[in-house]
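A short write-up of the structure that comes next.
The values are calculated or read from the model by the stated rules, or taken from the named source; none is laboratory data. Please read all numbers here as calculations on a predicted model, not as lab measurements. For neighbour counting, all protein chains shown are included, and Cβ atoms are generated from backbone atoms with ideal geometry for every residue, glycine included.
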Amino acid sequence: MSSPLQQKLMDISSLTSKLLRKNFGRGPESCYAFANKRFLVFYIRGFLSPLEAALLENGNSDHIEISRNIVMKTVHNQLKGILELEFAQDIESFYHDWNYPQNTGMITVQFEGDIIEEVGSKLSNPVELKPLIDEVERISILVQKRPEKTEAYFISPKIYLIKRDGILVQIEKALIEKGYEQTLLVTKDELEKSYLHRDGRFEEIFSNPVADIFVDWDFSEDRSIMCFVLKG
């Protein structure tokens, strides 16, 4: 028998799948929600339309990224009121990212206050967060600069979040002011993920293979969310 929290997460996952189907014309094959402290994370599988698959085959993933960013703003607006009512907390920010070759994705919601009690401390063998923070900062320096602040969060045994504040360099801020936000977003996504996958030592830190690494940015707040999904 599921707990009230598990049932709530299942209901919210189902609702989110329906909203994705309503706005994109098709829904994901699966959508699972996980929560800890101030964060709600959705892990999504099987969400590539035939048109997007054709664009991907022809090397046009940038077009998919830009169009999804536009539609996801509508999804976020529709989810906002429902989630704030369900968890009795205001939402601070939304993030989303997609792994098109693996046909997976994540939506992360950060609330202004905790929505559930911390659960990571109850595990017998939680992953040490300090080495994870150090490795993310090392990669960040290679790509851009050391974040002004980096925090790591346990979400579930297979999902960990990193929140970075103060990551934009001056030329990126200038490009955003000139209206190149979408181009910068796509470029940063490709560049940073290439370093994370090629140079990161995350499997050693997690003692587990990494299935997915998702990254998204809130340029207005100079903030980024990174989501690690482990295999198993």
Meets criteria (surrounded by fewer than 19 Cβ atoms within 10 Å (Cβ to Cβ), modelled with pLDDT of 95 or more and not assigned by TED's automatic domain parsing to the domain that holds ILE66) for LYS178: yes
Quick one: in the stretch 1-53, of everything that is of a type in the set (S, T, N, Q) and at pLDDT 95 or above, which residue is nearest to ASP114 (Cα to Cα)? SER13
With the checklist (1) in a helix (DSSP H, G or I); (2) touching a Phe, Trp or Tyr at 6+ places or on another chain (Cβ under 6 Å); (3) closer than 30 Å to ASP114 by Cβ in hand, flag the one item LEU56 doesn't pass. (3)
Of residues in the stretch 186-209 being surrounded by fewer than 18 Cβ atoms within 10 Å (Cβ to Cβ) and under 15 Å from the mean Cα position of the chain (by Cα), the one modelled with the lowest pLDDT: VAL186
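Taking the stretch 1-35 on its own, how many of its residues are touching a strand residue (DSSP E or B) at 6+ places or on another chain (Cβ under 8 Å) and basic (Lys, Arg)?
0
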Checking VAL75, VAL71 in turn, the sole residue that is surrounded by fewer than 16 Cβ atoms within 10 Å (Cβ to Cβ), part of a helix (DSSP H, G or I) and either of a type in the set (A, V, I, L, M, F, W, C) or touching a helix residue (DSSP H, G or I) at 6+ places or on another chain (Cβ under 9 Å) (or both) turns out to be VAL71
Just one of (1) touching a residue at least 12 places away in the same chain (Cβ under 8 Å); (2) surrounded by fewer than 19 Cβ atoms within 10 Å (Cβ to Cβ); (3) closer than 25 Å to LYS163 by Cβ; (4) not aromatic (Phe, Trp, Tyr) trips up SER61, so point out which. (3)
